[in-house]
Amino acid sequence: MANINLSLAKLPWYGQIGVFVFIALLGAGAFYYFYEMPAQVELATSAQELSAIRGRITRGQTMARQPPAIKKASGKLEALREALKTRPTEASAGGGVGRRCRGGAGDGRKWWRGVPRAYCRGGPVRA
């Protein structure tokens, strides 16, 4: 096996400086690629999360400044819910097309099928 004799002393001064600059650039590139780039991605992700959290906080503070309007709107919705809860459904009240056109509780005959909708009680019926 041949003896390989590597020595910087055999290079001229500008060659020695070039080798040191190359090694320094190689180290800086490795640092940037393996450490700095992942850290930048992590910081960008954290910044997006922080921005989203700040947006939610701002929306919450805006809503907290308007409690009378929210209470008024919720009161209207509660009243509407109560009104809908007490209102009978069409099926239980017998408000279907057959009941409107027949006029009474069904006796099984469906004579109203041939009757134009304009003749039904209460005007035209939308099915």
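No value in this document is a laboratory result; all are computed from the given coordinates. A quick note: this is a predicted structure, and the numbers were derived from the prediction, not measured. Because the Cβ atoms are built from the backbone with ideal geometry, glycine has one as well, and the counts that use them run over all protein chains shown.
So here's what we get for this one:
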| read-out | value |
| --- | --- |
| Residue match in segment 59-67 (condition: among the β-branched types (Val, Ile, Thr) and surrounded by 10 or more Cβ atoms within 10 Å (Cβ to Cβ)) | no |
| Close pairs (6 angstrom Cβ cut-off, 6 or more residues apart or separate chains): surrounded by 10 or more Cβ atoms within 10 Å (Cβ to Cβ) in segment 5-18, of a type in the set (A, V, I, L, M, F, W, C) anywhere | Gln16/Leu8 |
